[in-house]
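I have a structure here, written as structure tokens, and I will follow up with some questions on it.
The values are calculated or read from the model by the stated rules, or taken from the named source; none is laboratory data. Quantities reported herein were computed from a predicted structural model and do not represent experimental measurements. Positions of Cβ are generated from backbone atoms using ideal geometry, with glycine treated the same way; all protein chains shown enter the neighbour counts. SASA here: full protein model, heavy atoms, side chains in, ligands and nucleic acids out. Shrake-Rupley method; radii C 1.70, N 1.55, O 1.52, S 1.80 Å.
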Amino acid sequence: MIRSYRGGHLKREQRRQLVRRAVQGARFEGCSSHSGRRSFITVAARNIHRSGCSLRDAQLLAGHRSIETTERYIDGDTCGQRKLVSYV
């Protein structure tokens, strides 16, 4: 986690501003703190089977109270769905 210069936790708005400045400095288009969060949760969900974890663990890492909220963050993958169906 990133801490403030005083050693405490950053507030939500401070984290958002930090990410916004980093993205602008790197000149990435279409990126935000939220898109990074969505990507993290999607990648975590897709790799759950490798770590021996469950979607509940992804939910806890995301800080969501409800698994339904976490589900909304997970992007689908058409190619992955085709592979999954081919295994059945």
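Suppose all protein chains stay in the model; what accessible area per residue would a 1.4 Å probe give for the chain, in Å²?
Ligands and nucleic acids excluded, the figure is 85 Å² per residue.
Between residue 37 and residue 83, what's the calculated FRET efficiency when r is the beta-carbon distance and R0 is 22 Å? Round to 0.05.
Efficiency, from the Cβ-Cβ distance: 0.25.
In a Debye calculation with equal point scatterers on the alpha-carbon sites of the chain and no solvent, what is log10 I(q)/I(0) at q = 0.19, 0.23 Å⁻¹?
One equal scatterer on each Cα of the chain leads to -1.02, -1.19.
Carbon and sulfur: what percent of region 9-70's accessible surface (1.4 Å probe)?
Taking all protein chains in place, region 9-70 shows 53 percent carbon and sulfur surface.
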